[in-house]
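To start, the structure under review is shown below, and the notes come after it.
The values are calculated or read from the model by the stated rules, or taken from the named source; none is laboratory data. These numbers were taken from a predicted model, which means no experiment stands behind them. We place every Cβ from the backbone using ideal geometry, glycine too, and count neighbours over all the protein chains shown. We work out accessible area using only protein heavy atoms, side chains counted, and drop any ligands, DNA or RNA first. Shrake-Rupley method; radii C 1.70, N 1.55, O 1.52, S 1.80 Å.
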Amino acid sequence: MDKAEVIASVAGDLNATEQSVDAAIAHATTLVQAMIGARTTLSLSPVSGAESQAKAMEAIAALSAARQAIVACHEELAKDHRRLGWGTYAIGVLDKPVDVPNDSRPVGRLRAV
C-alpha cells in the first residue's frame, strides 16, 4: 500500500467511527424516548423505571464523552497530517447532501407564533 492508500484507510476508519458513535447516541436517545412513551401509555408512575431510565441516560453521557474523544482524535490526526506535510488526502464526508441551486430554494420565512 502506498502512503495515500494508508492515509485514506485511516480517514475512512475515522469517518466510520464518528458515524457509529453518532448512530449509537441516536439509538440510545430513542430508547429513552420509548421508555418514557411506554410508561405513559401504560399509565405507570414516573417512579417506575426511573433507575433503568437513569442508566440509559448514563449511557448517553458516556457516548457523548466518546464522541468528544473521537472528535479530539480527528483534530489531532489533522494536526499530525499537516505537521508531516502530507498534503490533502482527506476523503471527507461520504453522505453530503446534494447542493440545491439558489433559484430553487424555498423563499418563505419561518415565523414563531
Check your understanding: Does the stretch 69-81 contain any residue that is in contact with a Ser or Thr (Cβ under 6 Å, 6 or more places away or on another chain) and either in a loop (DSSP other than H, G, I, E, B) or at pLDDT 60 or above (or both)?
Key -> yes
Revision key, fill the gap. Sole miss for Ile36 among (1) open to solvent by 60 Å² or more (accessible area, probe 1.4 Å); (2) at pLDDT below 90 is condition (2)
Check your understanding: When only residues in the stretch 1-33 that are in contact with a Leu (Cβ under 9 Å, 6 or more places away or on another chain) and β-branched (Val, Ile, Thr) count, which is surrounded by the fewest Cβ atoms within 10 Å (Cβ to Cβ)?
Key -> Val10
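Return the residues of the stretch 40-70 that are of a type outside the set (Gly, Ala, Ser) and open to solvent by 50 Å² or more (accessible area, probe 1.4 Å); say none if nothing qualifies. Full working, then the answer.
Just the residues of the stretch 40-70 that are of a type outside the set (Gly, Ala, Ser), to begin with: 40-42, 44, 46-47, 51, 53, 55, 57-58, 60, 63, 67-68, 70.
Within the stretch 40-70, Thr40, Thr41, Leu42, Leu44, Pro46, Val47, Glu51, Lys55, Met57, Glu58, Arg67, Gln68 meet the criteria.
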